[in-house]
Amino acid sequence: MGSNMIVYKERFPMFMRFATYDEIENNELIIPHRFIKWFGNDIPNSVTIALENGEVIQGSFSKADKKIYDMLPIIKKEYVQLFDILMFTYCGEDRFKVYVFDKSKVEKKFEQLVMANEDGSEGTDDDLENIPNVQEMNNIDGGFSVALSHSNVNESSHGVV
């Protein structure tokens with residue numbers, strides 16, 4: 001007769017924080033003591049925090065304080081508000097992924113402009129300075145007849161001739 005065996009799938013370690021007034025005001029995030037005990041020696045001083053929309057923030061980790069600093073970009077963009085829940089996944093080396101949940105415990109979705117680069121790969125709004133002007137595009141492509149963009153009101157598309 002076969003034996004029952006429980007197999008656990010290995011996954012990246014996670015921790016959760018509530019966005020408190022002090023953490024938002026002081027631009028820091030306290031990492032739970034038990035997480036530091038298990039993984040603190042593996043985390044370097046410079047960390048990369050990726051949001052679910054692909055946006056990346058460079059932060060710094062202090063082993064002495066058990067805190068991640070330089071979270072200001074996500075606060076300035078109002079991605080995180082008081083009492084939001086932040087779910088961090090430690091992906092190894094210097095990488096964290098963070099998911100933000102609002103007070104109703106539903107994940108927040110953040111928009112980011114995505115465009116195709118010349119090589120076919122996708123870029124983000126961080127690449128906007130590399131976009132050629134319309135005249136250059138007309139000279140290369142012979143012009144364009146319709147450009148579509150999403151409306152801010154009802155997400156319908158509007159043509160520009």
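The number of residues in the range 55-102 that are surrounded by fewer than 13 Cβ atoms within 10 Å (Cβ to Cβ), under 13 Å from the mean Cα position of the chain (by Cα) and within 14 Å of Phe15 (Cα to Cα) comes to 0.
Looking across the range 11-27, the residues that are surrounded by 13 or more Cβ atoms within 10 Å (Cβ to Cβ) and in a helix (DSSP H, G or I) come down to Glu23, Ile24, Asn26.
Residue count for the range 1-44, restricted to those that are modelled with pLDDT under 85, among the basic types (Lys, Arg) and over 18 Å from Lys97 (Cα atoms): 1. Each residue in the range 61-80 was checked for being without any contact (Cβ under 8 Å) to a residue 40 or more places away in the chain, in a strand (DSSP E or B) and hydroxyl-bearing (Ser, Thr, Tyr), and 1 pass. Scanning the range 116-132 finds no residues that are of a type outside the set (Lys, Arg) and at pLDDT 85 or above. Pairs linking a residue in the range 81-92 that is within 7 Å of Ala19 (Cβ to Cβ) to a residue that is among the charged types (D, E, K, R) and in a strand (DSSP E or B), with Cβ atoms under 6 Å and 6 or more positions apart or on different chains, are Leu86/Arg17.
Filtered by the rule that a residue be surrounded by fewer than 18 Cβ atoms within 10 Å (Cβ to Cβ), touching a strand residue (DSSP E or B) at 6+ places or on another chain (Cβ under 8 Å), touching a residue at least 40 places away in the same chain (Cβ under 8 Å) and part of a loop (DSSP other than H, G, I, E, B), the range 39-54 gives Pro44, Glu52, Gly54.
The conditions of being closer than 16 Å to Phe15 by Cβ and not in a strand (DSSP E or B) are met by Ile36.
The values are calculated or read from the model by the stated rules, or taken from the named source; none is laboratory data. Note that this is a predicted model, so its numbers are computed, not measured. Every residue, glycine as well, gets a Cβ built from its backbone with ideal geometry; the counts of neighbours run over all protein chains shown.
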